[in-house]
1. Which entries in the list Lys168/Lys211; Lys29/Lys73; Lys27/Lys73; Lys124/Lys225; Lys73/Lys240; Lys168/Lys209 go over 24 Å, if you measure between the two C-alpha atoms of each?
2. To the nearest 20 Debye, how big is the dipole of the range 78-161 about its Cα centre, given +1 on the beta carbon of each Lys and Arg and -1 on that of each Asp and Glu?
3. Dipole magnitude of the range 22-157 about its Cα centre, charges +1 at Lys/Arg Cβ and -1 at Asp/Glu Cβ only, in debye to the nearest 20?
4. Once the Cβ-Cβ distance between Glu127 and Ala26 is put in as r, and R0 is 35 Å, what FRET efficiency do you end up with, to the nearest 0.05?
5. Working out 0.36 nm times the residue gap between Ala66 and Val37, then minus their Cα-Cα distance, what length gain in nm do you get to one decimal?
6. Using the Karplus equation 6.51 cos²θ - 1.76 cosθ + 1.60 (θ = phi - 60°), what ³J(HN,Hα) coupling, rounded to whole Hz, does each residue of the range 61-74 give in order, writing x for Gly and Pro?
7. Percent relative contact order of the chain, based on C-alpha pairs within less than 8 angstrom and at least six residues apart?
8. Run the numbers for Thr222 and Ser205: contour at 0.36 nm per residue of separation, minus the present Cα-Cα distance, in nm.
Amino acid sequence: MPEVKDVVIIGGGVAGLSAGLYTVRAKLKTLLIERTVLGGQIINTDAIENYPGFPNGITGVELVTACEEQASKFGLEYTFGEVTSIDAQNRPMVVRTADEEFLARSIIITAGGDHVHLGVPGEKELEARGVSYCATCDGNFFTGQDVVVVGGGDSAVEEGVYLTRMCKSVTLVHRRDSLRATKLLQERARSNPKMQFIWDTVVDSINGKDKVESVSVHNVKTQEKRDLPAGGVFVYVGFKPNTQPYDGLL
């Protein structure tokens, strides 16, 4: 019979690591379960400038490494696997992955989120062949090319500015007539000569045979249609929480 943990944390992003730091410092035996790699989506962030204590900014990888070291110092345990089910009807509760079973008196779910997809023709077919959801991961593949960024929030604008380092041009397509990103990010984007903006516009399809070649869009006010030549498309239209496996528990 496996050891009963005081706390099992599902999800190894900064929230999960922070929760683990608090529980182990409270002398609670804690196990953190992560599906892939510690850190979550923040490890793909090139520069974090709004986290207190780092006046010169910090990369996502650096922040996660520091969080992991701090939590491990106080005894946080880790394992890797995808949680397939939770039995919360009895005590201790049972957390199951494909390969193991864990017993817990308490469970903390910090499972993060996934990128929202556009749901347009060509998006799924051309994923990893020009369609990306991570500029930091894939930007170098598009060095010297024209790319399209879809979205108008912080992620879209920040990653768009990042892409100007290696891309020939970055066209940001947004369904509204103004950005929703913070003013500082907007100023950086608008002052960057490699960035251009197409307002009130949505994507109809992503086109290409073996790789992305263009993006078809239309203006939601005038209904005007056009094709934007592009070697890559970076999608930042929001996130959805990874709560589906825990329906009925939350």
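All of the numbers you see were taken from the coordinates with simple rules; none came from a lab. In this text the structure is predicted, and so the values were computed from the model without any measurement. All Cβ positions, even for glycine, are placed from backbone atoms using ideal geometry, and neighbour counts span all protein chains on display.
1. With Cα atoms farther than 24 Å apart: Lys73/Lys240.
2. The calculated dipole for the range 78-161 is roughly 340 debye.
3. Computed about the Cα centre, the dipole is about 740 debye.
4. Between Glu127 and Ala26 the formula returns 0.25.
5. 9.0 nm
6. Values per residue, Gly and Pro as x: 4, 5, 5, 5, 4, 5, 4, 5, 4, 5, 5, 5, 4, 9 Hz.
7. 18
8. Full extension from Thr222 to Ser205 adds 4.3 nm.
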